Amino acid sequence: MRPLVVLICCLSSALWSFAREPSSGKATHSDIFLITIDTLRADHVHCYGDENIQTPALDKIAQDGIRFTQAFTPSPLTNTSHTTIMTGLLPGSHGVTNFGAVLNATHPTLAKLLKHQGYRTAAFIGAVVLDSKTLAPGLDQGFDFYDNFPAHSASNSRWGRVERRGMDVVHRAETWLSAHQTGPRFLWVHLYDPHDPYEPPAPYSRIYKDRLYDGEIAYADSALGNFISYLQKEGWYQRALVIVVGDHGEGLGEHNEETHGIFLYDSTTHVPLILKLPGKLNENLTIEAQVRTTDILPTVLDVLRLPAAAPLDGSSLTPYFDGAETSGRTVFGETNYPLSFGWAPLRSVRDKGFKFIEAPRPELYDLHSDTKELNTLYEPGNPVVLKMRAQLAALRQKHAASADASNGVVGAGSTDEFRALGYLRPADTLSSSNVHDPSLLPDPKDKIIEQNLLHAALLAVDDARVAEARTSLEKVLQMDPKSPFALMQLGELELNTGNYARAADYWKRASEVRLGDPTIAFKYGQTLNFVGDTQGALYALRASLKTNPSQYKARLLLGEIYFRLHDAKDAQDQLEAALLLQPSVEVKLKLAEVLLAQNRYAEAIEDLKPLTTPRSRCADVYDLLARAYTGLHEKEDAQQAQDRANLLRMKKGKR
């Protein structure tokens, strides 16, 4: 048997060499289909050993290609991990270490590199967290078409507003391919379904009723199967390069982490990675060596014989295909998401059977005997610790030299969608993480139960399960009475449900914990205004604007309060400042009211007339004009304006 094995290996090597080195010496231009499956643990896939789940599509691609059993992502967050896949860079290199961080154009994506080689490129995403107009700016570089979410959704349902079912994503991708029959084409399909909340459609909700996470995976696999069947029907599958990879895993309660983003254990960093090469090369090959998702981009370029973008943190995986390389590669991990809660960020190294996690309480695991990472062997003088700390120090120095990291800015318009996915936006938390030495911050291991509760509360709020959200947040306060996040979320919840007195108490407590926070001060002032504490509201709003003068809503509310107090001058000052920040009709109408209160009728008319376009549907504009004309004793114009206001209200009522 041994000579036969040698013969097969030699034949495989020869075929691969032939595939890599076409006689023309030119680049090949196969279609490339990249499928990323969100929140997919490797050990919850059938071909990775889970006998309790059926994933026939993933199993088929593995049979047709190369399955890497030990592939790892450097980040347990969706936008960061996908940016790594698309650039071949670690998070510290590409700088997308937080939601809303911009991917610098100096870091070309795979789409951009392929577009320069004549590829048509398109991306179809399953969640708003990868929307290039909001939470993932710059990730669309190089794509001819990037299927972002609508800026405004008429529906309160999460489907179509913050998430798309896998079959919807696949249908969109197939529609694009059908309209772009000629290649070469690079298509990225992102299936978000396994991400919580776990709500698989029938029949998966029934088949996996006690394991809904697995139900979501099985459904995502069915969507993948639909896509592969479409490619086969069109005759594109066999000649294409197909890559399927998980972006990160899921805690599922291991180490007390219900979801992901906080820790760097294998539960959230070990992902499936499967490659099907063009043709029938290297079918049903399994590679046990440890590899990284940073290796995907250089592998694609190598398979296509295209020049690599330099410098990269990953390397081509092609040497594994013919056995030229067999040893594992060093895996680095990092997460800054704990900073969003005011907790310490984490860094890790996984190499030669050991895992080191740098944290306020560092951890070292011997993965040969402790695959679940339960028994830390950390000692400061341990030779493995010293070596891995040196590796992290070298990486830190390299990243400091690039200085590309971004804090990320999530626009106010994206806040609801962001929280609907269970995340806190950076703007909620920046002041809590402004610590010179992150090691002085709390260890996430001591805070993970709080994070689980906060995450559950955000999802409950989005689903209008107010009582559940309140219960979760109150539990957080029992653990930490000064948790700014729980206080803020409770303040927002009570404010939105009209419990203004309770809301004011929570915002007051939050303002005492987070001194000088302009957002909290504004919310406190807004709530005090609702409960009738005008002087308290004035004080809070002034304090908010002192810290951040560029707050439209604070200026507008302050102007309204001054007007209510018959202080026309200060009201006008605040409203004009608001107008500079956001030239809205709302502010212009308020300013007109202020002018009318001062009997400045002609000025009011001058400001209101530009709002009376033929398409104007605002009755309030004409009401104010009628008052202004009346003040000038221009009865005919006043009557015309009033008639127009009445007509608009009547039409609106009929609709």
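The values are calculated or read from the model by the stated rules, or taken from the named source; none is laboratory data. None of the values given here were measured: they were computed from a predicted structure. Methodologically, a virtual Cβ is constructed for each residue, glycine included, from the backbone with ideal geometry; neighbour enumeration extends over all protein chains shown. To get the accessible areas, we keep the full protein, side chains included, count just its heavy atoms, and leave off ligands, DNA and RNA. Shrake-Rupley method; radii C 1.70, N 1.55, O 1.52, S 1.80 Å.
Determine the equivalent ellipsoid of the range 39-182 by diagonalising the alpha-carbon gyration tensor, then write out the semi-axes as square roots of 5 times the eigenvalues, largest first, rounded to whole Å.
Over the Cα atoms of the range 39-182, the semi-axes work out to 25, 21, 19 Å.
Quick check on the range 519-630: take the gyration tensor over C-alpha atoms, sort the square-rooted eigenvalues as a ≥ b ≥ c, and tell me if it's rounded (a/c under 1.5), prolate or oblate. Prolate, because a/c is 1.5 or more and a/b exceeds b/c.
Here the chain has 54 percent of its accessible surface on carbon and sulfur atoms, given a 1.4 Å probe and all protein chains in place. With the Cα gyration tensor of the range 113-242 giving a ≥ b ≥ c as the square roots of its eigenvalues, does the rule (a/c under 1.5 for rounded; else a/b larger than b/c for prolate; else oblate) give rounded, prolate or oblate? Oblate, because a/c is 1.5 or more while a/b does not exceed b/c. Relative contact order of the range 122-221: what whole-number percent is it, with Cα pairs under 8 angstrom and at least 6 residues apart? Relative contact order, the range 122-221: 28 percent. In this simple spin-label approximation, L515 and S550 carry label points 7 Å from Cα along the Cα→Cβ vector, and these lie 2.6 nm apart.
Of T121, S439, L241, which is farthest along the charge dipole of the chain in the positive direction, counting Lys and Arg as +1 and Asp and Glu as -1 at C-beta? The residue sitting most towards the positive pole is T121. Rolling a 1.4 Å probe over the heavy atoms of the protein chains gives the chain an accessible area of 43 Å² per residue.
What the Cβ-Cβ distance of E586 and D463 gives, at R0 = 25 Å and to the nearest 0.05, is a FRET efficiency of 0.25. Applying the Karplus relation 6.51 cos²θ - 1.76 cosθ + 1.60 with θ = phi - 60° to the range 481-493 yields 3J(HN,Hα) values of x, 9, 5, x, 6, 5, 4, 5, 5, 5, x, 5, 4 Hz, where x marks Gly and Pro.
Between the range 35-96 and the range 110-154, the alpha-carbon centres lie 20 Å apart.
Could you pull out the trypsin sites (Lys or Arg not before Pro) across the range 185-268 that fall in loop regions by DSSP (anything but H, G, I, E, B) with no more than 14 other Cβ atoms inside 10 Å? Intermediate results must be reported in sequence, preceding the final value.
Numbers: sites: R185, R206, K209, R211, K233, R239; in loops: K209, R211, R239.
In loop regions of the range 185-268 (DSSP not H, G, I, E or B), the sparsely surrounded trypsin sites (Lys or Arg not before Pro) are K209, R239.
Only DSSP H runs of four or more residues enter the estimate; each adds -39500 (n - 2.57), and after division by the residues of the chain the mean residue ellipticity at 222 nm equals -14000 deg cm²/dmol.
To the nearest 20 Debye, how big is the dipole of the chain about its Cα centre, given +1 on the beta carbon of each Lys and Arg and -1 on that of each Asp and Glu?
I would put it at about 1280 debye.
Among L608, A220, N382, flag the residue with its Cα farthest along the positive direction of the charge dipole of the chain, charges on Cβ as +1 for Lys/Arg and -1 for Asp/Glu. Among L608, A220, N382, the one farthest towards the positive end of the dipole of the chain is L608. Starting from the Cα of K652, draw a straight line to each of the lysines and keep only those under 25 Å, dropping any in the same chain fewer than 8 residues away. Leaving aside lysines fewer than 8 places away in the same chain, those within reach of K652 are K588, K590, K609. Suppose a student asked you for the relative contact order of the range 522-655, using Cα pairs under 8 Å spaced at least 6 residues apart; what percent would you report? Relative contact order comes out at 14 percent. Could you pull out the chymotrypsin sites (Phe, Trp or Tyr not before Pro) across the range 26-93 that fall in loop regions by DSSP (anything but H, G, I, E, B) with no more than 10 other Cβ atoms inside 10 Å? Qualifying residues, ordered by number: none.
With a simple spin-label model that places each label point 7 Å from the Cα along the Cα-to-Cβ direction, the separation between D43 and N646 comes to 7.6 nm. Of the trypsin sites (Lys or Arg not before Pro) found in the range 455-509, those that fall in a DSSP loop while having at most 15 other beta-carbon atoms within 10 Å are R465, K482. Straight-line reach from K133: taking Cα to Cα under 12 Å and skipping same-chain neighbours fewer than 8 places apart, the aspartates and glutamates in range are D147.
So if I take the centroid of the Cα atoms in the range 352-382 and the same for the range 440-498, what is the distance between those two points in Å? Going from one Cα centre to the other spans 31 Å.
The relative contact order of the chain comes to 13 percent, based on Cα pairs under 8 Å that sit 6 or more residues apart. Within the chain, antiparallel bridges make up roughly 45 percent of the DSSP beta bridges whose residues both belong there.
Stretching the chain fully between A393 and E606 yields a gain of 70.2 nm (0.36 nm per residue, less the alpha carbon separation). Cα gyration tensor of the range 437-523, axes a ≥ b ≥ c as square roots of the eigenvalues: rounded (a/c below 1.5), prolate (a/b > b/c) or oblate? Oblate, since a/c reaches 1.5 and b/c is not below a/b.
With the convex hull drawn around the C-alpha atoms of the chain, the volume per residue stands at 190 Å³. For R514, the solvent-accessible surface with a 1.4 Å probe is about 20 Å², rounded to the nearest 10. Ranking Y622, W507, Q181 by how far each Cα lies toward the positive end of the dipole of the chain (charges on Cβ) leaves Y622 at the top.
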